[in-house]
């Protein structure tokens, strides 16, 4: 490790740092509170950690980053030092990985950190609570064994949600949604529904002054079904629902709901596309405010910035497009799927962002393409304006939403035996420029 990079890492001011305890960030909206980044300068890699296959990103609290990956037939949870990449502890569980549509199973559910606890929902339904300090098991259970198997194309992939003292999970069998005591794992409530578990993660919402949890259900089912469930977690019941899913069997709901004030945006990649829902103040019944058939996200959750929605539409790399949608009117302002020219290891490449990920950071969009391209994009309704462009890695299936904490960006690379988790430092603007 280069000494200059090392000092750049440890010199990040505490006031600048922010934890990233879940895969969509501290507020479940893919938004960072960190500021002061220089978009026109490329990040610097400070360490790389060998890992197995994974479509998740790590979660970060303080000096610790926790990741889950498939390694040597075990679903493995590693806790790393964010400054060095050295491992604090490892906890592993044997798992049998399958394959569907020519795609190997790999973890798709990121861990969740809450205080001194880490929650992990495994591919085969192993729900574990671990100590952040040393990885010891606090409690564990298998959802398939206790509640019946839920049908999946690529094993489980929804992240659990910590809501107050509850751990809320889209179980996808009977019950469909459940709330567990986060400290003991005891079942507090279960709400039945005909819709199965999806790959979208539950998110909290405040709708007309009422605390609710939004579950975008709908996985492998024949006939196909699914949609939004509005859950009252205090009462342990489903309050209302809205069907929204493609009609073909080989499809799932995978992008998490996006809360926009008292409204919610849903998007799926194989059929009806996007929709903005409004809710009646009396009983929170949903109705359509506008539809966006062309906003079809396969699995990437959009973000809100400057009254606009930004996200990737398309169910393949070659068809992936970054879309800008105006929230007030429902009008699509632009979409861009054009190839980009980048330099990587001394050669020029033409790359596609494909089905990338978007974070809202420092008044800009931080976009990670599925081939490892990183772009800073202005949240401009007039068109796609790239402020900075760099190629971090060059490999497909860079699908996990990156984590950003303390000026460090964590990016997973799937490359068979050479798979890695990379940590980069994002350059910062000079203090008081021009003085």
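Filter segment 233-259 down to the residues that are touching a residue at least 60 places away in the same chain (Cβ under 8 Å) and surrounded by 18 or more Cβ atoms within 10 Å (Cβ to Cβ), then identify the one that is farthest from residue 172 (Cα to Cα).
259
Considering each of 172, 179 in turn, give the residue that is part of a strand (DSSP E or B) and either touching a strand residue (DSSP E or B) at 6+ places or on another chain (Cβ under 8 Å) or over 27 Å from residue 400 (Cα atoms) (or both).
179
So if I check each of 42, 15, which one is closer than 27 Å to residue 375 by Cα, outside any strand (DSSP E or B) and modelled with pLDDT of 95 or more?
The match here is 42.
Of the residues 320, 330, only one is out of contact with any helix residue (DSSP H, G or I) (no Cβ under 7 Å at 6 or more places or on another chain) and closer than 9 Å to residue 354 by Cα; which?
It is 320.
Before we move on, is residue 157 farther than 14 Å from residue 66 by Cβ and not in a strand (DSSP E or B)?
Answer is yes for this residue.
How many residues does segment 277-308 contain that are more than 22 Å from residue 231 (Cα to Cα) and free of Cβ contacts under 8 Å to residues at least 24 places away in the same chain?
2
How many residues are surrounded by fewer than 16 Cβ atoms within 10 Å (Cβ to Cβ) and either at pLDDT 90 or above or within 15 Å of the chain's Cα centre (by Cα) (or both) when one looks only at segment 298-318?
Qualifying residue count for the region: 2.
If I go through segment 245-262 residue by residue, how many of them are within 20 Å of residue 29 (Cβ to Cβ) and under 20 Å from the mean Cα position of the chain (by Cα)?
8
Among the residues that make up segment 57-72, is at least one of them surrounded by fewer than 18 Cβ atoms within 10 Å (Cβ to Cβ) and touching a residue at least 40 places away in the same chain (Cβ under 8 Å)?
yes
Condition test on residue 389, is it out of contact with any helix residue (DSSP H, G or I) (no Cβ under 6 Å at 6 or more places or on another chain), over 25 Å from residue 67 (Cβ atoms) and either without any contact (Cβ under 8 Å) to a residue 40 or more places away in the chain or surrounded by fewer than 21 Cβ atoms within 10 Å (Cβ to Cβ) (or both)?
Criteria met by residue 389.
With in contact (Cβ under 8 Å) with a residue 40 or more places away in the chain and surrounded by fewer than 14 Cβ atoms within 10 Å (Cβ to Cβ) as the only criterion, which of 343, 332, 370 stands out?
Testing whether each residue is in contact (Cβ under 8 Å) with a residue 40 or more places away in the chain and surrounded by fewer than 14 Cβ atoms within 10 Å (Cβ to Cβ) leaves just 343.
For residue 188, all conditions in the list (1) over 30 Å from residue 53 (Cβ atoms); (2) not in a strand (DSSP E or B) hold save one; what is the number of the exception?
(2)
Would you be able to tell me the number of residues in segment 267-291 that are under 22 Å from residue 314 (Cα atoms) and surrounded by 17 or more Cβ atoms within 10 Å (Cβ to Cβ)?
The number of residues fulfilling the criteria is 11.
Restricted to segment 420-435, and to residues that are farther than 24 Å from residue 364 by Cα and modelled with pLDDT of 95 or more, which residue is surrounded by the fewest Cβ atoms within 10 Å (Cβ to Cβ)?
The extreme case among them is 420.
Go through 282, 343 for me and flag whichever is out of contact with any strand residue (DSSP E or B) (no Cβ under 6 Å at 6 or more places or on another chain) and part of a strand (DSSP E or B).
Matching residue, one of 282, 343: 343.
The values are calculated or read from the model by the stated rules, or taken from the named source; none is laboratory data. These numbers were taken from a predicted model, which means no experiment stands behind them. So basically every Cβ, Gly included, is an ideal-geometry build from the backbone, and we count neighbours across all protein chains shown.
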